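Below is one structure, written out as structure tokens, with a few remarks after it.
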Amino acid sequence: MANLKGRSFLTLKDFTPEEILYLVDLAADLKAKKKKGITGNSLKGKNIALIFEKPSTRTRCSFTIGCADEGGYAEYLSSDDIQLGHKESIEDTARVLGRMFDGIEYRGFKQETVEKLAKYSGVPVWNGLTDEYHPTQILADFLTLKEQFGTLKGLKLVFVGDGRNNMANSLMIGCAKVGVNFVILAPKSLWPQEELVELCGAYAKESGSTIEITEELDAVKGADAIYTDVWCSMGEEDKAAERIALLTPYQVNDALMAKTGKDSTVFLHCLPAVKGKEVTAELFEKHADVVFDEAENRMHTIKAVMVATLGNLE
Ligand code: CP
Ligand code: NVA
């Protein structure tokens with residue numbers, strides 16, 4: 001059993017495949033227990049801060065409910081409520097919060113901020129999304145895939161859309177680590193950074209999987225999962241016209257799904273979705289059950305991260 005006590009969760013780069021799979025399995029266990037009405041006490045006496053510089057439905061609720069289910073207390077702090085990075089440095093805010101809280105979640109812009117919070121607070125810090133990465137989302141995606149296919153290794157997942165956003169980056173890291181064959185299907189101007197692709201290439205070599213970055217729609221052939229995300233991430237709203245022009249040929253619709261050549265392909269979306277843009281409303285509704293399993297799994301997996309890094313596990 002992996003021991004993650006005291007660790008921060010900033011990017012999947014910091015975790016071994018075994019540790020990632022351990023968190024997914026722990027989440028499955030916590031989910032099964034919750035379905036039977038059994039919640040835990042592993043966060044009893046623990047107080048956690050939830051810092052949100054960007055809006056959130058799933059991530060905020062997952063941390064709040066996950067913490068309450070395990071007997072802890074969560075305090076929501078939006079950037080309007082606290083001085084972080086405005087009147088007070090990140091380092092000083094981190095040291096104050098570290099004296100009062102046992103764990104800190106951060107959602108915002110810079111990856112550097114979540115890393116500074118971890119460095120200076122002295123308590124576990126969890127990345128609830130930055131411009132660069134969204135690592136807790138990947139655990140929910142993996143739990144959902146495991147529920148659908150029973151395994152992760154050897155599956156083929158194709159991410160279609162903005163191939164350089166936080167979701168594409170984190171999926172590439174996660175898939176390469178655990179042995180999912182990963183494809184980014186995107187126009188060349190939205191391909192991920194070469195440096196990250198190379199790093200993930202090394203992870204993939206280790207796990208025996210592959211990474212492909214392509215503009216060709218035929219790359220979805222044989223896919224077990226087609227994944228998409230909004231064309232404009234939070235903070236990029238001014239890029240809407242440019243992205244629509246670039247990404248309209250990459251909409252996930254019936255024609256693209258048919259190109260997989262499989263009936264069993266699942267559709268995944270981290271949500272929120274802009275229907276009519278990255279996915280058609282019709283296709284979304286056909287796959288809604290799995291997409292909302294994925295959304296529910298945010299809670300079980302985020303709970304697992306808190307329990308493993310901060311909780312008193314018997
Ligand atoms: N998927 C996700 O992170 O959703 P929220 O933005 O609602 O937290
Ligand atoms: N790429 C999206 C993910 C939302 C969960 C964003 O950053 O807005």
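Every number here is computed from the coordinates shown, using simple stated rules; none is lab data. Bear in mind that the values here come from a model prediction, so they are computed numbers and not experimental data. Neighbour counts are summed over all protein chains in view; Cβ atoms, including those assigned to glycine, are modelled from backbone coordinates with ideal geometry.
Here are a few things to note about the model shown:
- For the chain, a simple Cβ point-charge model (Lys and Arg +1, Asp and Glu -1, everything else neutral) yields a dipole of about 780 debye relative to the Cα centre.
- Distance in nm between pseudo-label sites at residue 242 and residue 151 (7 Å out along the Cβ direction from Cα): 4.3 nm
- Across the range 237-249, coupling constants 3J(HN,Hα) worked out from phi with the 6.51/-1.76/1.60 Karplus curve, θ = phi - 60°, read 4, 6, 9, 3, 4, 4, 5, 4, 4, 6, 9, 3, x Hz, and Gly and Pro carry x.
- Distance between the modelled labels on residue 255 and residue 282, one decimal in nanometres: 1.2 nm (7 Å Cα→Cβ projection).
- From largest to smallest, the equivalent ellipsoid semi-axes obtained for the chain from the alpha-carbon gyration tensor read 31, 22, 18 Å.
- Straight-line reach from residue 5: taking Cα to Cα under 20 Å and skipping same-chain neighbours fewer than 8 places apart, the aspartates and glutamates in range are 14, 18, 19, 25, 29, 69, 70, 102, 105, 115, 314.
- Pairwise FRET efficiency - residue 47 versus residue 81, Cβ, R0 = 22 Å, nearest 0.05: 0.90
- Using alpha-carbon coordinates, inclination of helix 17-35 to the longest axis of the chain, degrees: 80 degrees
- With R₀ set to 30 Å, the beta-carbon distance separating residue 57 from residue 188 gives a calculated FRET efficiency near 0.40.
- Angle in degrees between helix 194-207 and the longest Cα principal axis of the chain, rounded to the nearest 10: 90 degrees
- For the range 115-262, a crude dipole built from +1 on the beta carbon of Lys and Arg and -1 on the beta carbon of Asp and Glu, taken about the Cα centre, is about 500 debye to the nearest 20.
- Exposure proxy shown here: for 96, 274, the number of other Cβ atoms within 10 Å sets the order, fewest to most, as 274, 96.
- The chain: angle of helix 166-178 to the longest principal axis, Cα-based, in degrees nearest 10: 90 degrees
- Cα gyration tensor of the range 13-55 - equivalent ellipsoid semi-axes, whole Å, descending: 21, 20, 12
- Once the Kirkwood radius over Cα pairs is known for the range 193-307, the Stokes-Einstein relation at 25 °C and 0.890 mPa s delivers a diffusion coefficient of 152 µm²/s.
- Selection among 97, 133, 49 by position relative to the dipole of the range 1-134 gives 49 as farthest towards the positive end (Cβ unit charges, Cα centre).
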